[in-house]
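What follows is one structure encoded as structure tokens, with my remarks underneath.
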Amino acid sequence: MQEKFARSRVLFVQYLKRDWKKIIIWILGLGLFSAGFVPAFEEIGKGQGLQGMYETMQNPAMISMVGPTPVETAADYTLGAMYAHEMLLFCGLFAMIIAALHVVSHTRKEEDLGLTELVRSFQVGRQANSLAVIAEVVLINFLLALVIGGVMTSYGADTISADGAFLFGASIGMAGILGAVIALVMAQIMPTSSGATGSSLGIVGLLYILRAGTDVSNVDFSMINPMGWTYLAYPFTKNNWIPLIVAIVFSVIVVIIAFALEGGRDMGAGYLSEREGRESAKKSLLSVPGLFTKLNKGVMISWLIAFVIMGAAYGSIYGDMQAFLESNEVMSQMFTISGVSIEESFTGTIMMVLIGMVSILPIAIVNKLFSEETRLHLSQLYATKVTRAQLYWTSVILAIAAGIVGILLASGGLGATAISAMGDRSSINMRDFFVAGYNFFPSVLFFTGLAALALGWAPRLGKAVYGYLGYSFALNYFGGILDLPEWFAKTAVQSWIPRMPVDPFDAATFIAISVISVALMVMGYMGYRKRDMVEGA
Amino acid sequence: MTNIVKVQGLQKSFGKFKALHDVSFTVNAGEVAGFIGPNGAGKSTTIRTLLGIIQRDAGDATIFGKDVWKDSLEIHKRISYVPGDVALWGSLTGGEIIDLFMKLHGGGDKTKRDYLIKRFELDPKKKAKGYSKGNRQKVGLIAALSVDSDLYIFDEPTSGLDPLMESVFQDEVEKIKLAGKAILLSSHILSEVERLADKVVIIRQGKVVETGTLDELRHLTRSTVTMVTQGDVAKMASVNGVHDFKQSGNQATFSADNECINDILSEAAKLGVKKFESVPPTLEDLFMRHYEV
């Protein structure tokens, strides 16, 4: 014991010193985001607002995105109930992702960079680092829970009680810890840090999608989903601490598994090891497109699989929609009056979400060229007859192709499962799904264009494109809930695109955004052609 | 056209930091130019400018008479480059990466590749992330030496290589030099430069402070003389051209200006010389002379 964890306290203090700025941004940023919307929700809840929102939120499409509520009548849907219902899952998801990224960056990544090797040469236990990182993440999430609870209580709203507020905070903190322990296990299993990051995020995404299915069909099943243990605490309504206790037990078990896995492997190795390679290269590798396809292969395959699964998971919800409409007269009338079927309306919303996800892949492929540049992988290539145009356009075209295939798989997965779930009652066919999906193609192009522009002129901002994607995603996500001013909603590129099949196709917008995106790519190329290569600086 | 590389008054700044103030030198066909200087002196920046990876602020730089920025592709068809820190894709094997580099350069020689893999004792089946620093360096060197070029640019190519492999590298460089190729060799290992280089370019804080053949440089510098005499050797201290005089008993050690060597010898003869040794300065002495003081 002593032997394994020696000096972990030193490392723990060291991490706090190294990360203090990040920790402050993490706690305050996520804390205020989670707790700070109380006044905005009070605004929504005025007059008939709460009842109206209750009806809206009964829609399976909404439940699949934000989660369920235990409230059974509109009259009981208080401000606190609404806040927990609409905010908790999303904030918990963020907390999980941030914590998972942080854990991988301090474990597997440091190993890949050779820092761990140096640290281990001192009198430091073999597992001291993992223990220190987990301790750091637990501390951060504990503080985060307190900040959220404190801020929410400070508003003094009637239905936002102190114990509910602290339960709300604790649920988000617990979500962070769950994300951290999942990442710690993945850091042991995967052979590289990018593999560990990818698989951790993949698991988090999968848990989110699975709970979308179980929340709509039978909430009880969400209780076996780790992501369910956050929002099923139902702060302000049931104030149920049991899910959190389950989560703590689960986390402890997972950490023990992670430590056991770590104890059994060599530094720098993973459980999924690699085979011996080829002596000579295959023909398909021997070109710039061949090289970049190979370099991006892992990322592309895993994301493309993820798109199919995400599409399929949302598609499975379609079967429950008619049953929901039959049980809810108000909603049933609403859809009859508007002349739009519930399936069509759901498709429009979900497609926006799915294609937002699809945009991640092209951004990653374009950003890859810059990370290759800083890692000095291209130094020797620059001295060959390979042109900058080849490097740039290969990456951009590969990104666009990945976007096209991504949309195909996401809408195909959604459509195929939806149609089989609906059976004969189907009001939309496969073609509608593909059309609705490719309708968002300009937005994928636009994100690719932004990433390309950054690559050419300010390559360090390439990561910021993810930030804008997250922002537009959040804006569209909350756009359905909050009443945002038109100009504000339009700062997200997807807001310009009509949601098919409910809204008609808008050729002018489709072409305009596509042309702007291509222009961004060309501008990016002009910068890339003449800028200095960074080379590890 | 004898000048393969011609650099004149090269300047480059990164923000406020001026990395290159004034760099000028030439490299000719059939010649190895040693490019030496301490860390941060601007060696790699100069090389990256030559490769068209970064753009110069002022001055002229041509390779094969062509502008290194505007005509970089034309130039790149006929050059090979090995960086000081060869970074490789961890998921590809050494063999795959060598093939890729050869293909992207064009005109590689498969038998030469296999011969070099054997000579450098590289395991080409291993994934690159398992390679040590020296093995990564070998991948870069094999790829660069397997293709036919007219100019070879090596930026500290032997860092991490063991002495046996260093000497394999030096053999190979001598071969390409005899074949009439031009070689720009940036290195910290002065013995390597001394063995290979026909010409030395010394750079310090972004400026070329010395350039010429080793003989020329040596001539400008003092030789170290050790002598033992019958008479009182202390008299030598006051002879013109003698510096840093040190005496122990009848033995004296001092540095001597090369143009005064005749005066020194005739003074010494009067004292009755029992032993006289004159050692020309090593490259290390030359190098140190520019950085001390």
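Readers should treat all values here as calculations from the given coordinates under stated rules, not as data from a laboratory. Predicted model, so just to flag it, every value in this text is computed and none were measured. Positions of Cβ are backbone-derived with ideal geometry, glycine not excepted, and every protein chain shown enters the neighbour counts.
Remarks
- Pair list, Cβ < 9 Å and 6+ apart or interchain, from region A:516-528 residues that are touching a residue at least 60 places away in the same chain (Cβ under 8 Å) and surrounded by 15 or more Cβ atoms within 10 Å (Cβ to Cβ) to residues that are charged (D, E, K, R) and part of a helix (DSSP H, G or I): A:525/A:388; A:528/A:388
Residue by residue, here is whether (1) out of contact with any Gly (no Cβ under 8 Å at 6 or more places or on another chain); (2) surrounded by 21 or more Cβ atoms within 10 Å (Cβ to Cβ); (3) more than 25 Å from residue B:211 (Cβ to Cβ) holds:
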| site | (1), (2), (3) |
| --- | --- |
| B:120 | yes, yes, yes |
| B:126 | no, no, yes |
| B:157 | no, yes, no |
| B:175 | yes, no, yes |
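- Considering residues of region A:427-463 that are among the aliphatic types (A, V, I, L, M) and part of a loop (DSSP other than H, G, I, E, B) only, the residue surrounded by the most Cβ atoms within 10 Å (Cβ to Cβ): A:428
- Among the residues of region A:374-386, at least one is aromatic (Phe, Trp, Tyr) and within 30 Å of residue B:86 (Cα to Cα).
- Region A:475-493, residues that are of a type in the set (A, V, I, L, M) and without any contact (Cβ under 8 Å) to a residue 24 or more places away in the chain: A:475, A:484, A:489, A:492
- Scanning region A:33-42 turns up at least one residue that is surrounded by 21 or more Cβ atoms within 10 Å (Cβ to Cβ) and touching a Cys at 6+ places or on another chain (Cβ under 8 Å).
- Filter result for the condition that a residue is among the β-branched types (Val, Ile, Thr) and within 14 Å of chain B (Cβ to nearest Cβ), over A:417, A:384, A:336, A:347: A:384
- The listed residue being in contact (Cβ under 8 Å) with a residue 40 or more places away in the chain, surrounded by fewer than 20 Cβ atoms within 10 Å (Cβ to Cβ) and out of contact with any His (no Cβ under 6 Å at 6 or more places or on another chain), out of A:151, A:216: A:151
- Screening residue A:528 with (1) within 23 Å of the chain's Cα centre (by Cα); (2) among the aromatic types (Phe, Trp, Tyr); (3) within 14 Å of chain B (Cβ to nearest Cβ) gives one miss only, at (1).
- Among the residues listed as A:369, A:361, A:325, A:408, the single one being part of a helix (DSSP H, G or I), crowded, with 23+ Cβ neighbours inside 10 Å and away from chain B (no Cβ under 14 Å): A:361
- Residue B:85 passes every criterion in (1) in contact with a Ser or Thr (Cβ under 6 Å, 6 or more places away or on another chain); (2) at the interface with another protein chain (Cβ under 9 Å from one of its Cβ atoms) apart from (1).
- Region B:55-79, residues that are facing chain A (nearest Cβ under 7 Å) and either in contact with a strand residue (DSSP E or B) (Cβ under 7 Å, 6 or more places away or on another chain) or within 19 Å of residue B:148 (Cα to Cα) (or both): B:73, B:76, B:77, B:79
- Within region B:113-131, residues that are over 14 Å from residue B:97 (Cα atoms) sit with their Cβ atoms under 9 Å from residues that are hydroxyl-bearing (Ser, Thr, Tyr), at 6+ positions apart or across chains, in these pairs: B:115/B:146; B:116/B:146.
- So residue A:248, is it of a type outside the set (Ser, Thr, Tyr) and free of Cβ contacts under 8 Å to residues at least 24 places away in the same chain: no
- Within region A:253-303, restricting attention to residues that are in contact (Cβ under 8 Å) with a residue 24 or more places away in the chain and within 9 Å of another protein chain (Cβ to nearest Cβ), the residue that is nearest to the chain's Cα centre (by Cα) is A:298.
- Whichever residue in region B:245-281 is in contact with a Lys or Arg (Cβ under 9 Å, 6 or more places away or on another chain) and of a type in the set (S, T, N, Q) and, among such residues, is farthest from residue B:34 (Cα to Cα): B:250
- Answer residue from region B:255-281, given it is touching a residue at least 24 places away in the same chain (Cβ under 8 Å) and among the hydroxyl-bearing types (Ser, Thr, Tyr) and is nearest to residue B:228 (Cα to Cα) among those: B:278
- Strands (runs of 3 or more DSSP E) enclosed by region B:169-283 - at least 2 residues per element that are within 30 Å of residue B:118 (Cα to Cα) and small (Gly, Ala, Ser): B:182-186
- Taking each residue of region B:216-244 that is of a type in the set (A, V, I, L, M) and looking for partners that are surrounded by fewer than 16 Cβ atoms within 10 Å (Cβ to Cβ) and part of a helix (DSSP H, G or I) with beta-carbon atoms closer than 7 Å, six or more apart or interchain, yields B:239/B:263.
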